[in-house]
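The values are calculated or read from the model by the stated rules, or taken from the named source; none is laboratory data. Treat the numbers as computed from the prediction; the structure is a model and nothing was measured. Virtual Cβ from ideal backbone geometry, glycine too; neighbours counted across all protein chains shown. All accessible areas refer to the heavy atoms of the entire protein, side chains included, with ligands and DNA or RNA removed. Shrake-Rupley method; radii C 1.70, N 1.55, O 1.52, S 1.80 Å.
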Amino acid sequence: MKFRFAVAVIAASLVSFIGAAYAQAPIVIKFSHVVALDTPKGKAAEFFKKAAEERTKGRVKVEVYPNSSLFKDGEEMEALQLGSVQMLAPSVAKFGPLGVREFEVFDLPYIFDNRDELHKVTMGPVGALLFKKLESKGLIGLAFWDNGFKDMSANKPIRVPADYKGLKMRIQSSKVLGDEMKALGAIPQVMAFSEVYQALQTGVVDGTENPPSNFYTQKMQEVQKYLALTDHGVIEYAVIVNKKFWDGLPADIRTILDGAMKDATKFANDIAQKENDDALEAVKKSGKTEILTLTADQKAAMKKALVVVHKENESRVGKDIIDEVYKETGFKP
Ligand code: LMR
């Protein structure tokens, strides 16, 4: 009798111990991205991590993997769909391969003149419509995070379209960006972000396009002699999660995470301009890259050469969505 009671007591305490241990295991969110920590996205991801962990009192643990340390471009979307990672914030220029070509509307050259116009799209009906298209891919869009306006770089002075002739230019996996480079007479090369520095160093590519924060934090001033302030497009991010994972969260946790994401989004968009201004100053200070400020005529020549890309991609990206963005931004092709 005594023996059986002891066994029962031990068994009972084991069950409650295992139960307690199991119940307390935090929900883990692996958040993978491809940029450095001291960038708008790098800092916003850390902001989200801190807010999510604090506000859930440790019921959620966010593991941030920056600099392609877990998955690089070309791998991370599939990893998210498979559930090997729970959260990403890829550039909107990387959704074409997923079959959601409408996201490439963001890549149309000069479609945005400033952040206010961009926010009308990201925080308005067009942004919501784009996120809706992700659900059939097993993904949910939570927010859009800003980075900045892109500038062109190369190892020769690039002021007007003719200067780009024959240059091999690295781009993200977007057909619109491919057409953008072709419109300048350059040769586009799709490449993972993590491989760009070395490709520039070895001459596999001659140049590329980045906002100053990515240019500086990837040390591209060491391998690019000129940076032309073209502001010809944007780097914008879509924060996305695996739908099954997100729908499977306890409702109270999801509400807290939504709040943390909302605040991280405000943080990201509030710091983005200054992060890029500071990075441009740092590039200037490095003395390694000459900053080319284009004249009004040179900028007009770039615009004239690049707007053809809009018409070329009308059917592919979707005339409806392009027209909606034109309405929001007042862009006249
Ligand atoms: C790029 O590939 O150039 C960018 O999308 C990287 C990033 O996430 O900012």
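Available extension along the chain between ILE187 and PHE3 is 58.2 nm, counting 0.36 nm per residue and deducting the alpha carbon span. Taking each residue as 0.36 nm, the span from SER69 to GLN201 lengthens on full extension beyond its C-alpha to C-alpha distance by 45.4 nm.
For a test of the definition: using alpha carbon positions, the gyration tensor, and the 1.5 limit on a/c, classify the stretch 242-316 as rounded, prolate or oblate. Because a/c hits 1.5 or more and a/b fails to exceed b/c, the stretch 242-316 counts as oblate. Just round it to a whole percent: the fraction of Cα-Cα distances in the stretch 47-149 exceeding 19 Å. More than 19 Å apart: 51 percent of the Cα pairs in the stretch 47-149. Mean residue ellipticity, 222 nm, helices only, the chain: the sum of -39500 (n - 2.57) across DSSP H runs of n ≥ 4, divided by residue count and rounded to 500, is -14000 deg cm²/dmol. With R₀ set to 51 Å, the beta-carbon distance separating GLU290 from VAL28 gives a calculated FRET efficiency near 0.65.
Considering only protein heavy atoms and a 1.4 Å probe, what is the carbon-and-sulfur percentage of the accessible area of the stretch 230-333? Don't skip to the answer; put the middle values down first.
Numbers: 2880 of 5260 Å².
Roughly 55 percent, rounded to a whole number.
Summarised as an ellipsoid, the stretch 193-242 has semi-axes of 22, 15, 9 Å, derived from the eigenvalues of the Cα gyration tensor scaled by 5 and square-rooted, with the largest first. Can you compute the modelled spin-label distance between GLU281 and LYS244, with each label point 7 Å from Cα toward Cβ, in nm? Using points 7 Å along Cα→Cβ, the separation is 4.8 nm.
For ASP116, the accessible surface of its heavy atoms amounts to roughly 110 Å² (probe 1.4 Å, protein chains only, rounded to the nearest 10).
What is the stretch 91-171 by shape, rounded, prolate or oblate, if you read a ≥ b ≥ c off the alpha carbon gyration tensor as root eigenvalues and call it rounded for a/c under 1.5, prolate for a/b larger than b/c, and oblate otherwise?
On the way: a/c = 3.02, a/b = 1.82, b/c = 1.66.
Because a/c hits 1.5 or more and a/b exceeds b/c, the stretch 91-171 counts as prolate.
In the stretch 196-333, one over the average inverse separation of all distinct C-alpha pairs is 18.6 Å, which is the Kirkwood hydrodynamic radius.
Find the Cα radius of gyration of the stretch 78-135, compare it with 2.2 N^0.38 Å by division, and give the number to two decimals.
Working: Rg = 12.7 Å, N = 58, 2.2 N^0.38 = 10.3 Å.
Normalised Rg, Cα atoms only: 1.23.
Among ARG101, ARG316, the order of accessible area from largest down is ARG101, ARG316, computed with a 1.4 Å probe on protein heavy atoms. What is the calculated FRET efficiency for ALA162 to ASP320, with r their C-beta to C-beta distance and R₀ = 41 Å, to the nearest 0.05? The value I calculate is 0.70. Projected label points at LYS332 and ALA251, each 7 Å from Cα along the beta carbon direction, are separated by 5.2 nanometres.
Could you state the accessible area per residue of the chain in Å², with a 1.4 Å probe and every protein chain left in place?
Numbers: 15120 Å² over 333 residues.
Dividing the accessible area of the chain by its residue count gives 45 Å².
By the combined test of axial Cα extent (at least 27 Å) and Kyte-Doolittle hydropathy (mean at least 0.0), the qualifying DSSP H helices of the chain come to 2-24.
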